[in-house]
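The block underneath contains the structure these notes are about, expressed in structure tokens.
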């Protein structure tokens, strides 16, 4: 299969490239930089030069593809609404180019868009917040509009994706801890973060492309919920900093823009995904990777922009 991939030089995207090539697919990856283009060429992928927000470039790239995987997204919290609306336009453009062809479009979302009212892990069939409540939901809203028009769109919801060098949102926890001289969690720290090793996440992207059901939502969840207290204690050991509980009222002063997120309980299940696609996670757990991390180099999932 000839696959066009956005975010091909990012943390998740570059690993998707390797996964697809190893499985015998041909890959054309989007890159806006010389360094990214060189990395794609070394990996054995074709290079499509351009920015993910260049919609005409995307239409041209999709024309020769048998399937598309969209992993690009700019995770800058300060500009989340703008980046989310840009993502809506990108997904709409990709989907319109594929509508009526039966060729699959796999898009990226997050398990955090779905909130549990009972404390039970959210499931693939659970609905998400609207973009009026959480800007990032624009991606799934775009997917739903395309599905209603008959497009073969599949959604992969990611939890915390990790390896020993990358830690997603936890990079901000680490950065804040350095600045504050301590590692904090809110209350008893029982609120949870679902997680998956990057090697398992990218295998799910491939399976979703190859055999995903049109209109399906899949959860790349290996661990349903790792308590924030355990995460804080592991980071504290890595940074050699004290660990303490803070009250919800103290959270904005410590976490800043991350305060609301740091207090949420976000467990998620991937049971249906495992049954339907035969996906079995085998990678290390989140705490194991945090214990192995070099805290001088660990960093967040950056803008997966291509």
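In summary, helices (runs of 4 or more DSSP H) completely within the range 145-255 and bearing 1 or more residues that are in contact with a strand residue (DSSP E or B) (Cβ under 7 Å, 6 or more places away or on another chain) and surrounded by 22 or more Cβ atoms within 10 Å (Cβ to Cβ) occur at 170-180, 198-211, 228-239.
Among the residues in the range 117-125, are any touching a residue at least 12 places away in the same chain (Cβ under 8 Å), under 27 Å from residue 277 (Cα atoms) and assigned by TED's automatic domain parsing to the domain that holds residue 256? Within the range 117-125, not a single residue is touching a residue at least 12 places away in the same chain (Cβ under 8 Å), under 27 Å from residue 277 (Cα atoms) and assigned by TED's automatic domain parsing to the domain that holds residue 256. Looking across the range 10-24, the residues that are more than 20 Å from the chain's Cα centre (by Cα) and either touching a residue at least 60 places away in the same chain (Cβ under 8 Å) or surrounded by fewer than 14 Cβ atoms within 10 Å (Cβ to Cβ) (or both) come down to 22, 23, 24.
Just to be sure before I move on: is residue 127 out of contact with any helix residue (DSSP H, G or I) (no Cβ under 7 Å at 6 or more places or on another chain) and closer than 12 Å to residue 151 by Cα in the structure I sent? The answer is no for residue 127. Within the range 32-53, can you find the residues that are in a loop (DSSP other than H, G, I, E, B), modelled with pLDDT of 95 or more and surrounded by fewer than 18 Cβ atoms within 10 Å (Cβ to Cβ)? Matches in the range 32-53: 44 only.
Set side by side, the residues 61, 78, 18 differ, and just one is within 20 Å of residue 209 (Cα to Cα), assigned to a helix (DSSP H, G or I) and at pLDDT below 95, which is 61.
Looking at residue 160, is it more than 14 Å from the chain's Cα centre (by Cα), more than 24 Å from residue 3 (Cβ to Cβ) and at pLDDT 95 or above? For residue 160, the condition - more than 14 Å from the chain's Cα centre (by Cα), more than 24 Å from residue 3 (Cβ to Cβ) and at pLDDT 95 or above - is not met.
The values are calculated or read from the model by the stated rules, or taken from the named source; none is laboratory data. Bear in mind that the values here come from a model prediction, so they are computed numbers and not experimental data. Please note: Cβ atoms are built from the backbone with ideal geometry, for glycine as well, and neighbour counts cover all protein chains shown.
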